[in-house]
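The values are calculated or read from the model by the stated rules, or taken from the named source; none is laboratory data. Quantities reported herein were computed from a predicted structural model and do not represent experimental measurements. Please note: Cβ atoms are built from the backbone with ideal geometry, for glycine as well, and neighbour counts cover all protein chains shown.
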Amino acid sequence: GQQVMQIPQYQHVQEGEDFTTYCNSSTTLSNIQWYKQRPGGHPVFLIQLVKSGEVKKQKRLTFQFGEAKKNSSLHITATQTTDVGTYFCAGPGETSGSRLTFGEGTQLTVNP
Amino acid sequence: ETGVTQSPTHLIKTRGQQVTLRCSSQSGHNTVSWYQQALGQGPQFIFQYYREEENGRGNFPPRFSGLQFPNYSSELNVNALELDDSALYLCASSLYRGEGEKLFFGSGTQLSVL
């Protein structure tokens with residue numbers, strides 16, 4: 001079945017350093033979504049990418065969708081303590097278009 | 001805040017018991033999806049309800065069942081609880097488009113099975 005993999009599993013950075021998490025799917029995706037889950041919280045939608053090679057920015061966050069639509073990345077410039085949390089990528093399931101298959105997430109900790 | 005509410009927030013059950021979790025979807029949304037999130041893992045799709053019918057199911061046994069009501073709220077029922085059912089159960093509402101709709105998650109129900 002479809003698999004969505006993320007690396008790294010954990011990332012510890014000093015405040016001000018950059019951070020990148022990578023997402024790879026075993027199948028081509030029609031779109032990819034990114035969610036953030038704060039410790040003890042629930043996933044919150046960040047962005048959706050649809051087009052091959054698409055790049056979107058939200059302040060210090062830059063999201064990319066690969067040309068083959070099988071991989072994606074999230075890059076945070078100059079991390080802040082408010083960036084702490086787990087970042088998940090998610091893609092549509094193979095058999096049901098509106099279900100999402102989530103990656104295992106990258107847990108980001110930021111040392112002040 | 002997403003407007004998606006779940007109850008209860010925490011629940012402790014013993015093996016073999018049954019549990020019902022509840023979810024009220026965000027105003028204007030007609031679809032509810034349920035996810036199970038084990039500690040340190042990503043959410044796993046259980047099933048989705050649209051127009052009061054099950055509209056897709058993940059790799060979960062039949063003892064996981066659900067309902068959606070005319071007001072689009074939903075219930076998740078789990079029978080014959082097992083220890084491995086201990087997890088955070090997340091409800092997400094959306095406006096059905098067939099693919100790619102943004103999910104709005106509730107705060108979840110933390111279920112512990114002893």
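Summary of values
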| read-out | value |
| --- | --- |
| Residue within segment A:21-43 that is away from chain B (no Cβ under 14 Å), among the aromatic types (Phe, Trp, Tyr) and in contact with a helix residue (DSSP H, G or I) (Cβ under 9 Å, 6 or more places away or on another chain) present | no |
| Which listed residue is aromatic (Phe, Trp, Tyr) and closer than 20 Å to residue A:43 by Cβ, from B:60, B:69 | B:60 |
| Selection count, segment B:26-40, where residues are among the polar types (S, T, N, Q) and either closer than 21 Å to residue A:1 by Cα or assigned to a strand (DSSP E or B) (or both) | 4 |
| Residue among A:22, A:10, A:87, A:35 that alone is farther than 27 Å from residue B:4 by Cα, of a type in the set (Phe, Trp, Tyr) and within 11 Å of the chain's Cα centre (by Cα) | A:22 |
| Leading residue by the ranking (surrounded by the most Cβ atoms within 10 Å (Cβ to Cβ)) among those in segment B:79-114 that are farther than 29 Å from residue B:51 by Cβ and among the hydroxyl-bearing types (Ser, Thr, Tyr) | B:86 |
| Which numbered condition residue B:62 fails, given (1) over 27 Å from residue A:34 (Cα atoms); (2) modelled with pLDDT under 95; (3) not polar (S, T, N, Q) | (2) |
| Lone unmet requirement of (1) of a type outside the set (A, V, I, L, M, F, W, C); (2) exposed (fewer than 13 other Cβ atoms within 10 Å of the Cβ); (3) within 14 Å of another protein chain (Cβ to nearest Cβ) for residue A:54 | (2) |
| Total residues in segment B:41-53, condition within 8 Å of another protein chain (Cβ to nearest Cβ) and in a loop (DSSP other than H, G, I, E, B) | 3 |
| Count of segment B:79-96 residues which are facing chain A (nearest Cβ under 7 Å) and either part of a loop (DSSP other than H, G, I, E, B) or within 10 Å of residue B:15 (Cα to Cα) (or both) | 1 |
| Looking only at segment A:57-96, and only at residues there that are closer than 23 Å to residue B:45 by Cα and free of Cβ contacts under 8 Å to residues at least 12 places away in the same chain, the one that is farthest from the other protein chains (Cβ to nearest Cβ) | A:95 |
| Filter pass, residue B:56 being at positive phi and either modelled with pLDDT of 95 or more or in a strand (DSSP E or B) (or both) | yes |
| Number of positions in segment B:31-55 that are touching a residue at least 12 places away in the same chain (Cβ under 8 Å), surrounded by fewer than 20 Cβ atoms within 10 Å (Cβ to Cβ) and of a type outside the set (S, T, N, Q) | 7 |
